[in-house]
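The values are calculated or read from the model by the stated rules, or taken from the named source; none is laboratory data. This one's a predicted model, so the numbers in the text were calculated from it and none came from an experiment. Cβ placement follows ideal geometry from the backbone for every residue including glycine, while neighbour counts extend to all protein chains displayed. Protein only, heavy atoms only, side chains kept; ligands, DNA and RNA dropped before computing areas. Shrake-Rupley method; radii C 1.70, N 1.55, O 1.52, S 1.80 Å.
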Amino acid sequence: MYKILLLMSFSITLIAQNFKGQEPIKPVDTRSRPTLGRCKGRVELGDVIIENKFEGGACEQPYLDSTGAICIPIAPENEPINSSPWYAFRISTEEHREVEIKLIYPSKYKHRYDPKWSGDRVHWHQLGGKSSGSEYTFYLELSNRPLFVASQPLFTSSDVYRWILDLTGSEPLKIGNTPNGLPIPYFEIGNKSSKRQLVFLGRQHPPEVTGHKAMQYFIEELSQLPEFTDNYHALVLPLLNPDGVDAGNWRHNSRGVDLNRDWYEFHQDETRLVRDFLKNWVQGDLIFSIDFHSTYEDIYYIVNPDLKKGRTRFVEEWIRTSSKHLPDYSPHIKPLYFEPPTSTAFSYLFETYGTEALVFEIGDKTEDEFIRKKSRASARELVEILKKY
Ligand SMILES: [Zn+2]
(Lines give C-alpha, C1' and ligand atoms only; values in the text may rest on other atoms or scores of the structure.)
Protein backbone atom coordinates (compact mmCIF):
# COMPACT_ATOMS: atom_id res chain seq x y z
CA MET A 1 0.00 0.00 0.00
CA TYR A 2 2.80 2.37 1.01
CA LYS A 3 4.58 1.70 -2.30
CA ILE A 4 1.42 2.44 -4.23
CA LEU A 5 1.01 5.75 -2.40
CA LEU A 6 4.63 6.65 -3.09
CA LEU A 7 4.17 5.87 -6.77
CA MET A 8 1.00 7.92 -6.88
CA SER A 9 2.57 10.99 -5.31
CA PHE A 10 5.56 10.62 -7.62
CA SER A 11 3.37 10.58 -10.71
CA ILE A 12 1.35 13.57 -9.47
CA THR A 13 4.58 15.55 -9.01
CA LEU A 14 5.66 14.58 -12.50
CA ILE A 15 2.39 15.81 -13.97
CA ALA A 16 2.78 19.11 -12.12
CA GLN A 17 6.29 19.62 -13.46
CA ASN A 18 5.26 18.63 -16.96
CA PHE A 19 2.88 21.53 -17.37
CA LYS A 20 4.84 24.04 -19.39
CA GLY A 21 2.09 26.48 -20.26
CA GLN A 22 1.41 27.91 -23.70
CA GLU A 23 3.95 28.63 -26.39
CA PRO A 24 3.90 32.15 -27.94
CA ILE A 25 0.57 32.65 -29.67
CA LYS A 26 0.48 32.57 -33.46
CA PRO A 27 -1.99 34.76 -35.33
CA VAL A 28 -5.08 33.02 -36.71
CA ASP A 29 -7.92 34.11 -38.99
CA THR A 30 -10.66 35.53 -36.74
CA ARG A 31 -13.31 36.21 -39.36
CA SER A 32 -16.69 34.66 -38.46
CA ARG A 33 -17.11 30.98 -39.28
CA PRO A 34 -20.13 28.66 -39.24
CA THR A 35 -20.83 26.76 -36.03
CA LEU A 36 -22.67 23.54 -35.38
CA GLY A 37 -26.31 24.21 -34.56
CA ARG A 38 -26.52 23.28 -30.87
CA CYS A 39 -29.34 20.79 -30.27
CA LYS A 40 -31.12 21.91 -27.12
CA GLY A 41 -33.99 19.73 -26.01
CA ARG A 42 -35.30 16.81 -23.98
CA VAL A 43 -34.96 13.08 -24.62
CA GLU A 44 -36.58 10.05 -22.98
CA LEU A 45 -34.62 6.79 -23.02
CA GLY A 46 -36.83 4.24 -21.25
CA ASP A 47 -37.43 5.78 -17.82
CA VAL A 48 -34.44 8.15 -18.13
CA ILE A 49 -35.09 11.78 -19.00
CA ILE A 50 -32.18 13.90 -20.27
CA GLU A 51 -32.45 17.57 -21.00
CA ASN A 52 -30.01 20.34 -21.95
CA LYS A 53 -32.35 23.26 -22.53
CA PHE A 54 -30.82 25.72 -20.06
CA GLU A 55 -27.99 28.29 -20.06
CA GLY A 56 -24.73 26.43 -20.51
CA GLY A 57 -26.50 23.15 -21.39
CA ALA A 58 -24.66 21.23 -24.11
CA CYS A 59 -24.49 17.67 -25.42
CA GLU A 60 -25.52 15.92 -28.61
CA GLN A 61 -28.42 13.46 -28.92
CA PRO A 62 -28.12 10.86 -26.07
CA TYR A 63 -28.73 7.16 -26.73
CA LEU A 64 -28.52 3.77 -25.00
CA ASP A 65 -25.76 1.37 -26.05
CA SER A 66 -26.19 -2.43 -26.23
CA THR A 67 -25.33 -2.79 -22.51
CA GLY A 68 -27.95 -0.23 -21.47
CA ALA A 69 -25.40 2.48 -20.62
CA ILE A 70 -26.53 6.05 -21.28
CA CYS A 71 -24.25 7.52 -23.95
CA ILE A 72 -23.85 11.29 -24.10
CA PRO A 73 -22.02 12.41 -27.25
CA ILE A 74 -20.09 15.65 -26.87
CA ALA A 75 -19.06 17.82 -29.81
CA PRO A 76 -17.28 21.15 -30.33
CA GLU A 77 -19.09 24.14 -31.82
CA ASN A 78 -16.68 24.08 -34.80
CA GLU A 79 -13.09 23.22 -35.63
CA PRO A 80 -10.17 23.69 -35.33
CA ILE A 81 -10.57 24.20 -31.61
CA ASN A 82 -8.63 24.00 -28.37
CA SER A 83 -9.50 20.78 -26.50
CA SER A 84 -11.78 21.97 -23.71
CA PRO A 85 -14.79 19.68 -24.16
CA TRP A 86 -17.64 21.29 -22.26
CA TYR A 87 -20.84 19.39 -21.48
CA ALA A 88 -23.83 20.02 -19.23
CA PHE A 89 -27.17 18.24 -19.02
CA ARG A 90 -29.95 17.50 -16.57
CA ILE A 91 -30.95 13.90 -15.90
CA SER A 92 -33.55 11.96 -13.90
CA THR A 93 -35.17 8.50 -13.72
CA GLU A 94 -38.69 7.47 -12.74
CA GLU A 95 -37.43 5.00 -10.12
CA HIS A 96 -34.53 5.57 -7.75
CA ARG A 97 -31.55 3.65 -9.22
CA GLU A 98 -27.92 3.85 -10.26
CA VAL A 99 -27.16 4.42 -13.94
CA GLU A 100 -24.02 4.03 -16.02
CA ILE A 101 -23.21 7.12 -18.10
CA LYS A 102 -20.64 7.32 -20.89
CA LEU A 103 -19.36 10.62 -22.21
CA ILE A 104 -18.47 10.02 -25.87
CA TYR A 105 -15.91 12.40 -27.39
CA PRO A 106 -14.91 12.72 -31.05
CA SER A 107 -11.84 10.49 -31.49
CA LYS A 108 -9.28 13.31 -31.66
CA TYR A 109 -10.30 14.78 -28.26
CA LYS A 110 -9.77 13.41 -24.78
CA HIS A 111 -11.78 13.72 -21.60
CA ARG A 112 -10.60 16.79 -19.66
CA TYR A 113 -13.18 17.84 -17.05
CA ASP A 114 -14.35 15.21 -14.55
CA PRO A 115 -18.12 15.43 -14.09
CA LYS A 116 -19.74 17.28 -11.20
CA TRP A 117 -23.39 16.94 -10.17
CA SER A 118 -25.74 19.32 -8.43
CA GLY A 119 -29.39 19.24 -7.41
CA ASP A 120 -29.71 22.98 -6.87
CA ARG A 121 -27.13 24.29 -9.41
CA VAL A 122 -25.30 26.01 -6.52
CA HIS A 123 -23.65 23.19 -4.56
CA TRP A 124 -21.61 20.84 -6.75
CA HIS A 125 -20.16 17.41 -6.01
CA GLN A 126 -17.24 15.82 -7.79
CA LEU A 127 -17.75 12.44 -9.48
CA GLY A 128 -15.09 9.87 -10.28
CA GLY A 129 -14.97 7.72 -13.38
CA LYS A 130 -12.73 5.99 -15.88
CA SER A 131 -11.31 7.12 -19.21
CA SER A 132 -10.85 4.70 -22.05
CA GLY A 133 -9.82 6.13 -25.41
CA SER A 134 -12.35 8.78 -26.28
CA GLU A 135 -14.91 7.58 -23.70
CA TYR A 136 -15.33 8.41 -20.03
CA THR A 137 -17.58 6.19 -17.88
CA PHE A 138 -19.10 7.05 -14.51
CA TYR A 139 -22.01 5.98 -12.31
CA LEU A 140 -24.66 8.19 -10.75
CA GLU A 141 -27.61 7.56 -8.43
CA LEU A 142 -30.72 9.07 -9.91
CA SER A 143 -34.33 9.57 -8.93
CA ASN A 144 -37.26 11.62 -10.19
CA ARG A 145 -35.52 14.76 -8.86
CA PRO A 146 -33.43 15.96 -11.84
CA LEU A 147 -29.71 16.46 -11.28
CA PHE A 148 -27.43 18.72 -13.24
CA VAL A 149 -24.27 17.04 -14.52
CA ALA A 150 -21.61 19.36 -15.92
CA SER A 151 -17.94 19.59 -16.79
CA GLN A 152 -17.53 22.53 -14.39
CA PRO A 153 -20.06 24.18 -12.06
CA LEU A 154 -22.53 26.18 -14.13
CA PHE A 155 -21.92 29.90 -13.93
CA THR A 156 -23.73 31.46 -16.87
CA SER A 157 -24.83 34.94 -17.92
CA SER A 158 -27.73 35.09 -15.42
CA ASP A 159 -25.35 34.16 -12.59
CA VAL A 160 -22.91 36.90 -13.60
CA TYR A 161 -25.67 39.53 -13.79
CA ARG A 162 -26.92 38.45 -10.34
CA TRP A 163 -23.38 38.57 -8.91
CA ILE A 164 -22.98 42.15 -10.17
CA LEU A 165 -26.33 43.15 -8.68
CA ASP A 166 -25.42 41.61 -5.30
CA LEU A 167 -21.98 43.22 -5.27
CA THR A 168 -22.82 46.71 -6.51
CA GLY A 169 -26.50 47.04 -5.57
CA SER A 170 -27.32 48.07 -9.15
CA GLU A 171 -28.37 46.31 -12.32
CA PRO A 172 -25.31 45.76 -14.52
CA LEU A 173 -24.67 48.28 -17.27
CA LYS A 174 -23.57 47.05 -20.69
CA ILE A 175 -20.96 48.09 -23.22
CA GLY A 176 -23.22 46.72 -25.97
CA ASN A 177 -24.83 43.51 -27.17
CA THR A 178 -23.42 40.31 -28.62
CA PRO A 179 -24.53 38.92 -32.00
CA ASN A 180 -27.16 36.88 -30.10
CA GLY A 181 -28.42 40.03 -28.39
CA LEU A 182 -27.03 39.38 -24.92
CA PRO A 183 -25.60 42.33 -22.96
CA ILE A 184 -21.86 42.41 -22.28
CA PRO A 185 -21.96 43.68 -18.70
CA TYR A 186 -19.60 46.06 -16.94
CA PHE A 187 -19.33 47.92 -13.67
CA GLU A 188 -16.87 50.26 -12.05
CA ILE A 189 -15.31 50.29 -8.63
CA GLY A 190 -13.36 53.00 -6.87
CA ASN A 191 -13.04 56.73 -7.32
CA LYS A 192 -14.36 57.85 -10.72
CA SER A 193 -12.34 61.05 -10.65
CA SER A 194 -9.06 59.20 -10.12
CA LYS A 195 -6.70 59.21 -13.09
CA ARG A 196 -5.06 56.01 -11.90
CA GLN A 197 -7.10 53.40 -13.76
CA LEU A 198 -7.19 49.61 -13.96
CA VAL A 199 -9.16 47.16 -16.07
CA PHE A 200 -10.17 43.58 -15.26
CA LEU A 201 -11.54 41.23 -17.93
CA GLY A 202 -12.89 37.72 -17.88
CA ARG A 203 -14.62 34.77 -19.49
CA GLN A 204 -13.57 35.08 -23.08
CA HIS A 205 -13.53 31.28 -22.98
CA PRO A 206 -16.76 29.64 -21.79
CA PRO A 207 -15.55 26.61 -19.76
CA GLU A 208 -13.09 28.66 -17.67
CA VAL A 209 -15.16 28.81 -14.51
CA THR A 210 -12.24 28.56 -12.06
CA GLY A 211 -10.70 31.69 -13.59
CA HIS A 212 -14.05 33.40 -13.24
CA LYS A 213 -14.19 32.48 -9.55
CA ALA A 214 -10.72 34.00 -9.08
CA MET A 215 -11.94 37.23 -10.65
CA GLN A 216 -14.99 37.28 -8.36
CA TYR A 217 -12.99 36.82 -5.16
CA PHE A 218 -10.39 39.33 -6.32
CA ILE A 219 -12.95 42.02 -7.19
CA GLU A 220 -14.99 41.40 -4.03
CA GLU A 221 -11.88 41.94 -1.92
CA LEU A 222 -10.66 45.00 -3.85
CA SER A 223 -14.05 46.69 -3.56
CA GLN A 224 -13.84 46.41 0.24
CA LEU A 225 -10.44 48.08 0.54
CA PRO A 226 -10.84 51.85 1.08
CA GLU A 227 -7.18 52.38 0.17
CA PHE A 228 -8.10 51.06 -3.26
CA THR A 229 -11.58 52.52 -3.72
CA ASP A 230 -10.52 56.02 -2.57
CA ASN A 231 -7.53 56.26 -4.87
CA TYR A 232 -8.11 54.17 -7.98
CA HIS A 233 -10.75 53.77 -10.66
CA ALA A 234 -11.34 50.25 -12.01
CA LEU A 235 -13.43 48.87 -14.83
CA VAL A 236 -14.66 45.28 -14.54
CA LEU A 237 -15.81 43.36 -17.64
CA PRO A 238 -16.50 39.94 -16.14
CA LEU A 239 -18.21 38.26 -19.11
CA LEU A 240 -16.90 39.02 -22.59
CA ASN A 241 -18.44 35.96 -24.24
CA PRO A 242 -21.99 35.50 -22.90
CA ASP A 243 -23.13 33.86 -26.17
CA GLY A 244 -20.47 31.17 -25.88
CA VAL A 245 -21.09 30.64 -22.16
CA ASP A 246 -24.85 30.23 -22.51
CA ALA A 247 -24.55 28.01 -25.59
CA GLY A 248 -22.18 25.68 -23.73
CA ASN A 249 -19.36 26.27 -26.22
CA TRP A 250 -15.91 24.78 -25.75
CA ARG A 251 -14.02 27.94 -26.65
CA HIS A 252 -15.61 30.23 -29.24
CA ASN A 253 -18.27 32.93 -29.48
CA SER A 254 -21.50 32.46 -31.46
CA ARG A 255 -19.59 33.32 -34.65
CA GLY A 256 -17.24 30.39 -34.18
CA VAL A 257 -14.19 32.47 -33.21
CA ASP A 258 -11.76 32.44 -30.28
CA LEU A 259 -12.19 36.01 -29.02
CA ASN A 260 -8.77 35.98 -27.42
CA ARG A 261 -7.15 35.82 -30.85
CA ASP A 262 -9.09 38.79 -32.24
CA TRP A 263 -7.37 41.72 -30.49
CA TYR A 264 -5.48 42.70 -33.63
CA GLU A 265 -7.96 42.63 -36.50
CA PHE A 266 -11.14 43.04 -34.40
CA HIS A 267 -13.48 41.08 -36.66
CA GLN A 268 -15.81 40.25 -33.75
CA ASP A 269 -18.44 42.47 -32.11
CA GLU A 270 -17.34 41.55 -28.58
CA THR A 271 -13.71 42.64 -29.00
CA ARG A 272 -14.65 45.76 -30.98
CA LEU A 273 -17.09 46.82 -28.25
CA VAL A 274 -14.41 46.53 -25.57
CA ARG A 275 -11.82 48.34 -27.72
CA ASP A 276 -14.19 51.25 -28.44
CA PHE A 277 -15.48 51.47 -24.87
CA LEU A 278 -11.94 51.64 -23.48
CA LYS A 279 -10.98 54.47 -25.84
CA ASN A 280 -13.45 56.70 -23.99
CA TRP A 281 -13.12 55.17 -20.56
CA VAL A 282 -9.35 55.53 -20.20
CA GLN A 283 -8.93 59.17 -19.19
CA GLY A 284 -5.73 58.95 -17.23
CA ASP A 285 -3.02 56.39 -16.80
CA LEU A 286 -4.05 52.75 -17.29
CA ILE A 287 -1.65 51.28 -14.76
CA PHE A 288 -2.71 47.64 -14.75
CA SER A 289 -4.91 45.14 -16.56
CA ILE A 290 -5.70 41.52 -15.76
CA ASP A 291 -7.42 39.02 -18.03
CA PHE A 292 -8.72 36.01 -16.05
CA HIS A 293 -8.67 32.49 -17.57
CA SER A 294 -8.37 28.80 -16.69
CA THR A 295 -6.02 26.13 -17.95
CA TYR A 296 -4.59 22.78 -16.78
CA GLU A 297 -2.77 24.32 -13.79
CA ASP A 298 -2.34 27.72 -12.18
CA ILE A 299 0.01 29.93 -14.19
CA TYR A 300 0.65 33.64 -14.77
CA TYR A 301 1.39 34.80 -18.31
CA ILE A 302 3.26 38.08 -18.52
CA VAL A 303 4.62 40.35 -21.21
CA ASN A 304 8.26 39.54 -21.96
CA PRO A 305 10.10 41.85 -19.50
CA ASP A 306 12.52 42.98 -22.26
CA LEU A 307 9.62 44.75 -23.98
CA LYS A 308 8.89 46.92 -20.96
CA LYS A 309 11.75 49.38 -21.35
CA GLY A 310 10.87 52.60 -19.55
CA ARG A 311 7.51 51.27 -18.45
CA THR A 312 6.21 50.23 -15.06
CA ARG A 313 7.31 46.78 -13.98
CA PHE A 314 5.67 45.52 -10.84
CA VAL A 315 3.76 42.43 -11.89
CA GLU A 316 6.36 39.81 -10.97
CA GLU A 317 7.06 41.39 -7.59
CA TRP A 318 3.31 41.53 -6.96
CA ILE A 319 2.83 37.86 -7.85
CA ARG A 320 5.66 36.87 -5.50
CA THR A 321 4.44 38.95 -2.55
CA SER A 322 0.88 37.65 -3.05
CA SER A 323 2.13 34.07 -3.20
CA LYS A 324 3.84 34.36 0.21
CA HIS A 325 0.36 34.12 1.75
CA LEU A 326 -0.08 30.62 0.29
CA PRO A 327 1.86 27.88 2.11
CA ASP A 328 4.04 25.67 -0.14
CA TYR A 329 2.99 27.53 -3.26
CA SER A 330 5.53 28.65 -5.78
CA PRO A 331 4.02 30.66 -8.63
CA HIS A 332 4.55 29.61 -12.22
CA ILE A 333 5.28 32.77 -14.25
CA LYS A 334 5.85 32.65 -17.98
CA PRO A 335 6.33 35.39 -20.60
CA LEU A 336 3.78 34.87 -23.37
CA TYR A 337 3.93 38.05 -25.44
CA PHE A 338 7.12 38.84 -27.37
CA GLU A 339 6.11 40.76 -30.49
CA PRO A 340 3.08 41.88 -32.50
CA PRO A 341 0.52 40.99 -33.68
CA THR A 342 -1.38 41.50 -30.44
CA SER A 343 -3.76 38.57 -30.88
CA THR A 344 -4.72 38.51 -27.20
CA ALA A 345 -6.41 41.03 -24.90
CA PHE A 346 -3.48 41.41 -22.53
CA SER A 347 -0.93 42.09 -25.28
CA TYR A 348 -3.34 44.57 -26.92
CA LEU A 349 -3.75 46.47 -23.64
CA PHE A 350 0.01 46.47 -23.10
CA GLU A 351 0.78 47.81 -26.58
CA THR A 352 -2.11 50.28 -26.75
CA TYR A 353 -2.01 51.77 -23.26
CA GLY A 354 1.48 50.86 -22.03
CA THR A 355 -0.20 49.21 -19.08
CA GLU A 356 1.31 46.49 -16.94
CA ALA A 357 -0.63 43.47 -18.23
CA LEU A 358 -1.21 39.96 -16.96
CA VAL A 359 -3.13 36.79 -17.80
CA PHE A 360 -4.22 35.27 -14.48
CA GLU A 361 -4.82 31.56 -15.11
CA ILE A 362 -6.33 29.14 -12.60
CA GLY A 363 -6.09 25.35 -12.96
CA ASP A 364 -9.18 23.41 -14.02
CA LYS A 365 -8.97 21.40 -10.79
CA THR A 366 -7.72 24.08 -8.38
CA GLU A 367 -9.72 23.91 -5.14
CA ASP A 368 -12.16 26.73 -4.53
CA GLU A 369 -10.69 27.47 -1.09
CA PHE A 370 -7.23 27.95 -2.62
CA ILE A 371 -8.64 30.20 -5.37
CA ARG A 372 -10.34 32.31 -2.70
CA LYS A 373 -7.18 32.71 -0.59
CA LYS A 374 -5.00 33.43 -3.59
CA SER A 375 -7.34 35.98 -5.12
CA ARG A 376 -7.97 37.84 -1.88
CA ALA A 377 -4.26 37.96 -1.01
CA SER A 378 -3.61 39.23 -4.55
CA ALA A 379 -6.11 42.07 -4.08
CA ARG A 380 -4.60 43.14 -0.75
CA GLU A 381 -1.04 42.98 -2.07
CA LEU A 382 -2.03 44.94 -5.17
CA VAL A 383 -2.97 47.90 -2.97
CA GLU A 384 0.40 47.67 -1.23
CA ILE A 385 2.47 47.47 -4.39
CA LEU A 386 0.59 50.27 -6.15
CA LYS A 387 1.71 52.63 -3.37
CA LYS A 388 5.29 52.13 -4.54
CA TYR A 389 4.74 52.69 -8.28
ZN1 LIG B 1 -8.79 31.08 -21.66
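Please indicate, with yes or no, whether at least one residue in region 75-88 is surrounded by 13 or more Cβ atoms within 10 Å (Cβ to Cβ) and in a strand (DSSP E or B). Yes.
Restricting Glu351, Glu381, Glu369 to those that are in the same structural domain as Arg272 (by TED's automatic domain parsing), within 16 Å of Trp318 (Cβ to Cβ) and among the charged types (D, E, K, R) reduces the list to Glu381. Tell me, yes or no, whether region 245-258 has at least one residue that is away from the ligand (no atom under 16 Å from the Cβ), closer than 19 Å to Glu361 by Cβ, open to solvent by 10 Å² or more (accessible area, probe 1.4 Å) and not charged (D, E, K, R). Taking every residue of region 245-258 in turn, none turns out to be away from the ligand (no atom under 16 Å from the Cβ), closer than 19 Å to Glu361 by Cβ, open to solvent by 10 Å² or more (accessible area, probe 1.4 Å) and not charged (D, E, K, R). The residues in region 130-155 that are of a type in the set (Gly, Ala, Ser), touching a residue at least 24 places away in the same chain (Cβ under 8 Å) and at negative phi can be counted, and the count is 4. Residues that are over 26 Å from Arg31 (Cα atoms), open to solvent by 10 Å² or more (accessible area, probe 1.4 Å) and within 14 Å of the ligand (Cβ to nearest atom) within region 266-313 comprise Tyr296, Glu297, Asp298, listed in sequence order.
So is Leu201 outside any loop (DSSP other than H, G, I, E, B) and either open to solvent by 10 Å² or more (accessible area, probe 1.4 Å) or more than 22 Å from Thr295 (Cβ to Cβ) (or both) or not? Judged against the criteria, Leu201 is not a match. Considering (1) within 16 Å of the ligand (Cβ to nearest atom); (2) of a type outside the set (Gly, Ala, Ser); (3) not in a helix (DSSP H, G or I), the lone condition that Met215 does not fulfil carries the number (3). Scanning region 186-212 for residues that are within 16 Å of the ligand (Cβ to nearest atom), aliphatic (A, V, I, L, M) and under 17 Å from Phe277 (Cα atoms) turns up just one, Leu201. Counting the residues of region 365-389 that are under 17 Å from Ser289 (Cβ atoms), open to solvent by less than 30 Å² (accessible area, probe 1.4 Å) and either touching a Lys or Arg at 6+ places or on another chain (Cβ under 8 Å) or not β-branched (Val, Ile, Thr) (or both) gives 5. Is region 354-364 home to any residue that is of a type in the set (D, E, K, R), open to solvent by 30 Å² or more (accessible area, probe 1.4 Å) and more than 15 Å from the ligand (Cβ to nearest atom)? There is no residue in region 354-364 that is of a type in the set (D, E, K, R), open to solvent by 30 Å² or more (accessible area, probe 1.4 Å) and more than 15 Å from the ligand (Cβ to nearest atom).
Quick check, is Lys40 of a type in the set (Lys, Arg), closer than 27 Å to Ser158 by Cβ and out of contact with any His (no Cβ under 7 Å at 6 or more places or on another chain)? Yes, satisfied. Selection of region 135-153 for residues being open to solvent by 50 Å² or more (accessible area, probe 1.4 Å) and of a type in the set (S, T, N, Q) yields only Asn144. Residues in region 303-312 that are in contact (Cβ under 8 Å) with a residue 24 or more places away in the chain, out of contact with any Asp or Glu (no Cβ under 7 Å at 6 or more places or on another chain) and not in a helix (DSSP H, G or I) were compared, and the one that is nearest to Ser375 (Cα to Cα) is Val303. Total residues in region 154-182 satisfying the condition of being within 26 Å of Thr352 (Cα to Cα) and open to solvent by 40 Å² or more (accessible area, probe 1.4 Å): the figure is 3.
Does Asn231 count as touching a residue at least 12 places away in the same chain (Cβ under 8 Å) and buried (at least 18 other Cβ atoms within 10 Å of the Cβ)? Taking the combined requirement at face value, the residue does not satisfy it.
For region 120-191, no strands (runs of 3 or more DSSP E) sit wholly inside it while including 3 or more residues that are closer than 17 Å to Ala247 by Cβ. The one condition from (1) at pLDDT below 95; (2) within 30 Å of Pro185 (Cα to Cα) that Asp276 does not meet is (1). Looking across region 155-172, just one residue is touching a strand residue (DSSP E or B) at 6+ places or on another chain (Cβ under 6 Å) and aliphatic (A, V, I, L, M), and that is Ile164. Looking across region 322-335, the residues that are open to solvent by 40 Å² or more (accessible area, probe 1.4 Å) and either charged (D, E, K, R) or part of a helix (DSSP H, G or I) (or both) come down to Lys324, Asp328.
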